[in-house]
Amino acid sequence: MSTELSEGRDLNRLEEEEQTSEAQSRLISNEMASIPEYYAGKSVLITGATGFMGKVLVEKLLRSCPDVKALYILVRPKAGQSMKQRVSDMMKCKLFDRVREENPDFHQKIIPISSELTQPGLSISSVDVERLTACINIVFHCAATIRFDEPLKHALQLNVIATQQLLSLAQQMHHLEAFIHISTAYANCNCKHIDEIIYPPPVEPKKLIESLEWMDDGIVRDITPRLIGDRPNTYTYTKALAEHVVQQEQDKLNIGIIRPSIVGASWQEPFPGWIDNFNGPSGVFIAAGKGILRTMRANNDAVADLIPVDMVINLTLAAGWYTAVHRPKTALVYNCTTGSLNPFHWGEIEHHVMSSFKRNPLEQAFRRPNANITSNYLIYQYWILVSHKFPAFIYDLFLRLCGQKPQMMRIFNRLHKAISLLEYFSSQEWQWNSENMNMLMSHLTPEDRKIFNFDVRQLNWPEYIENYCIGTKKYVLNEDMSDIPAARQHLRKLRNIRYTFNTMLVVFIWRVFIARSQMARNIWYFVVSLCFKFLSYFRASSTLTN
Ligand SMILES: CCCCCCCCCCCCCCCCCCCC(=O)SCCNC(=O)CCNC(=O)[C@H](O)C(C)(C)COP(=O)(O)OP(=O)(O)OC[C@H]1O[C@@H](n2cnc3c(N)ncnc32)[C@H](O)[C@@H]1OP(=O)(O)O
Ligand SMILES: NC(=O)C1=CN([C@@H]2O[C@H](COP(=O)(O)OP(=O)(O)OC[C@H]3O[C@@H](n4cnc5c(N)ncnc54)[C@H](OP(=O)(O)O)[C@@H]3O)[C@@H](O)[C@H]2O)C=CC1
């Protein structure tokens with residue numbers, strides 16, 4: 001009996017030793033591998049693959065790591081479309097044109113798994129759970145609700161509880177090498193200086209989850225402002241909690257946390273200017289390009305921490321490689337930002353957006369693009385009245401007179417709600433420490449540094465903003481570049497309407513206020529003669545100095 005036991009123990013030890021040496025040799029070969037070599041033969045699990053960043057991640061992995069074994073993507077049915085239909089539509093997207101050209105069979109590597117992240121067990125079938133736990137090597141967790149006005153319960157469900165559940169699933173994965181969680185640089189926006197550390201959570205997530213469970217939606221809505229405290233919305237609050245939840249698993253998993261700032265259109269890959277949504281600055285640019293948005297509360301001199309989506313994805317993939325290969329003892333946080341290395345300001349963005357949309361106008365603009373941003377509340381309210389509400393009122397009046405339904409005021413009300421949610425971010429600035437981003441770059445081979453470029457110092461902002469604006473036109477609004485001459489003609493027509501309108505307004509004011517009253521006439525003559533005297537004075541003084 002004792003001999004049997006000792007033989008068993010020996011066998012176990014042998015097995016353990018074998019496993020250790022296998023793991024060690026895997027580690028050594030991984031360590032020597034470039035990023036594409038590392039991902040070769042690997043099975044990757046991605047959440048949020050149908051979203052803006054998820055799609056770019058899938059595309060880049062397939063294109064730059066062509067030997068990756070399989071991409072398992074968690075997808076839910078949505079808006080009457082089955083999971084399969086959604087994935088098939090996604091793969092037809094223009095974003096995949098390059099990869100389609102290089103490998104027409106790329107879709108064979110994408111394996112959709114039905115999953116609704118807000119449901120218990122992420123509603124993944126037991127067969128799929130078995131499949132995933134048997135083969136996944138790396139997890140990229142991108143899914144989240146990024147709405148700023150999301151009710152707390154829902155934001156908590158998706159951003160925190162789903163993350164917890166995914167971590168539990170990850171722990172069951174037999175061959176997992178890295179778990180990469182996408183957070184946001186604004187998770188700790190209640191601090192002005194943000195280091196690459198996980199800050200203590202505003203509340204213990206477990207306690208909050210338990211408390212909210214029994215509360216009805218009305219109570220939760222009422223206490224939300226008290227709970228989120230000095231954070232601006234439920235999004236940043238729940239993303240901060242999620243970081244804590246992820247950190248709690250750092251002893252069991254190799255974890256990397258990516259914190260991008262404001263993710264914008266692509267810089268270079270797969271082509272410049274790729275963007276497919278209205279989130280963040282994109283909606284603002286479009287509304288300004290259409291001549292609807294004429295003012296916004298923002299600080300001209302504050303750093304606009306925009307980062308192109310392809311750079312974020314390059315860093316994410318590099319972090320996946322680093323985490324798996326170097327297995328840091330604690331979760332490494334990567335602040336993925338531009339402000340400290342290549343700062344650009346909201347005032348400069350405004351200038352370049354406006355001039356870009358004048359060169360490449362959007363179709364059927366409401367007015368000529370001409371916006372100014374201000375941090376002054378009173379000036380802002382003045383522009384809202386003069387440049388938003390007044391034209392909307394006139395336009396709706398015109399529609400009514402034509403027998404149509406008024407709509408402009410409604411559009412402006414929605415726009416004002418949206419920009420009021422963004423102004424917290426455009427009126428202040430933050431400083432992010434990005435040492436880990438630099439450290440990661442220094443570990444890449446020169447070749448990987450080119451293929452997975454996230455060196456934000458190389459960004460030429462004016463060129464980037466130009467491509468971004470063109471991207472919103474081509475890919476968000478599906479407008480044709482060949483229609484630009486017609487769009488320019490439309491802007492000229494709008495300019496002529498404005499000149500005519502302004503002339504009529506001056507004549508009207510003259511008739512009503514000046515021509516009718518002796519006192520107004522006297523004031524008018526006084527102002528004109530004063531201007532004349534000033535002019536003569538300056539002319540005389542400039543002649544004297546010459
Ligand atoms: C004066 C101009 C000067 C220009 C230069 C200065 C620029 C300053 C820009 C400042 C930008 C600051 C941005 C800061 C962002 C901080 C980011 C923090 C980083 C992150 O981690 S998260 C990512 C950011 N998240 C978001 O941006 C989400 C914000 N959005 C929301 O919370 C909600 O969408 C919002 C705004 C509350 C609106 O909700 P709702 O009214 O319910 O509308 P829907 O979203 O459901 O959309 C309905 C429908 O409308 C379409 N849509 C949305 N926006 C626009 C738009 N601007 N124009 C046209 N259409 C729009 C939307 O696609 C939906 O269409 P469907 O067909 O899908 O129904
Ligand atoms: N965009 C930005 O500016 C920034 C984003 N981030 C972070 O990057 C990540 C990705 O953001 P982004 O791509 O812009 O966001 P998107 O809104 O474009 O994508 C969100 C993804 O999450 C999925 N998802 C949402 N709810 C569920 C659900 N209940 N079940 C299953 N899947 C769900 C969506 O799937 P579906 O298509 O089915 O809705 C979609 O694929 C997020 O974690 C975000 O916090 C960080 C900083 C800035």
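The values are calculated or read from the model by the stated rules, or taken from the named source; none is laboratory data. Owing to the predicted nature of the structure, the values given are computational and were not obtained by experimental measurement. Cβ placement follows ideal geometry from the backbone for every residue including glycine, while neighbour counts extend to all protein chains displayed. In case anyone asks, the SASA skips ligands and DNA or RNA and just uses the protein heavy atoms, side chains included. Shrake-Rupley method; radii C 1.70, N 1.55, O 1.52, S 1.80 Å.
Annotation: of all residues in segment 393-438 being of a type in the set (F, W, Y) and farther than 30 Å from I198 by Cβ, the one that is nearest to ligand 1 (Cβ to nearest atom) is F412. Considering only residues in segment 247-266 that are open to solvent by 10 Å² or more (accessible area, probe 1.4 Å) and not in a loop (DSSP other than H, G, I, E, B), the one that is nearest to ligand 2 (Cβ to nearest atom) turns out to be V263. Selection within segment 397-414: residues that are over 18 Å from R368 (Cα atoms) and open to solvent by less than 60 Å² (accessible area, probe 1.4 Å). The member of this set that is nearest to the chain's Cα centre (by Cα) is P406.
Of the residues that make up segment 438-448, is at least one under 22 Å from I313 (Cβ atoms) and assigned to a loop (DSSP other than H, G, I, E, B)? Checked segment 438-448: at least one residue is under 22 Å from I313 (Cβ atoms) and assigned to a loop (DSSP other than H, G, I, E, B). Taken over segment 419-441, the criterion of being among the hydrophobic types (A, V, I, L, M, F, W, C) and open to solvent by 50 Å² or more (accessible area, probe 1.4 Å) is satisfied by L421 alone. For segment 33-58, a residue qualifies if it is open to solvent by 30 Å² or more (accessible area, probe 1.4 Å) and assigned to a strand (DSSP E or B), and exactly one does: A40. Out of L71, L61, L132, L117, which single residue is touching a residue at least 60 places away in the same chain (Cβ under 8 Å), within 16 Å of ligand 2 (Cβ to nearest atom), open to solvent by less than 40 Å² (accessible area, probe 1.4 Å) and not in a helix (DSSP H, G or I)? Among L71, L61, L132, L117, only L117 is touching a residue at least 60 places away in the same chain (Cβ under 8 Å), within 16 Å of ligand 2 (Cβ to nearest atom), open to solvent by less than 40 Å² (accessible area, probe 1.4 Å) and not in a helix (DSSP H, G or I). When segment 216-246 is filtered for residues that are surrounded by 13 or more Cβ atoms within 10 Å (Cβ to Cβ) and of a type in the set (K, R), the ones remaining, listed by number, are R221, R231, K239.
Might you check whether a residue that is closer than 23 Å to M311 by Cα, among the charged types (D, E, K, R) and either assigned to a loop (DSSP other than H, G, I, E, B) or at pLDDT 95 or above (or both) occurs anywhere in segment 74-91? No, because not a single residue in segment 74-91 is closer than 23 Å to M311 by Cα, among the charged types (D, E, K, R) and either assigned to a loop (DSSP other than H, G, I, E, B) or at pLDDT 95 or above (or both).
So that you can scan it fast, the table gives a plain yes or no per residue for (1) open to solvent by less than 70 Å² (accessible area, probe 1.4 Å); (2) more than 30 Å from Y38 (Cα to Cα):
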position	(1), (2)
I180	yes, no
N190	yes, yes
I194	yes, yes
Y199	yes, yes
P202	yes, yes
K207	no, yes
E210	no, yes
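Among residues that are in contact (Cβ under 8 Å) with a residue 12 or more places away in the chain, within 11 Å of ligand 1 (Cβ to nearest atom), assigned to a helix (DSSP H, G or I) and among the hydroxyl-bearing types (S, T, Y), Y380 is included.
Would you check if there is a residue in segment 192-200 being part of a loop (DSSP other than H, G, I, E, B), touching a residue at least 40 places away in the same chain (Cβ under 8 Å) and hydroxyl-bearing (S, T, Y)? Checked against the condition, which is being part of a loop (DSSP other than H, G, I, E, B), touching a residue at least 40 places away in the same chain (Cβ under 8 Å) and hydroxyl-bearing (S, T, Y), segment 192-200 yields at least one hit.
When you look at A318, is it farther than 25 Å from I465 by Cβ and away from ligand 2 (no atom under 13 Å from the Cβ), yes or no? When the stated conditions are applied, A318 passes them.
For segment 325-373, residues that are of a type in the set (V, I, T) and open to solvent by 20 Å² or more (accessible area, probe 1.4 Å) total 2.
One residue stands out among those in segment 169-178 that are among the aliphatic types (A, V, I, L, M) and away from ligand 2 (no atom under 14 Å from the Cβ): the one that is most open to solvent (accessible area, probe 1.4 Å), which is L176. Applying the selection to segment 136-187, what residues are more than 17 Å from the chain's Cα centre (by Cα), of a type in the set (A, V, I, L, M) and not in a helix (DSSP H, G or I)? Correct list: I136, I138, V139, M173, L176, A178, I180. Assigned to a helix (DSSP H, G or I) and either within 16 Å of ligand 1 (Cβ to nearest atom) or open to solvent by less than 30 Å² (accessible area, probe 1.4 Å) (or both): does that describe V127? No; evaluated as a whole, the condition is false for this residue. Of the helices (runs of 4 or more DSSP H) that lie entirely inside segment 452-546, those containing 3 or more residues that are surrounded by 14 or more Cβ atoms within 10 Å (Cβ to Cβ) span 461-471, 484-509. Scanning segment 288-312 for residues that are within 6 Å of ligand 1 (Cβ to nearest atom) and open to solvent by 10 Å² or more (accessible area, probe 1.4 Å) turns up just one, M296.
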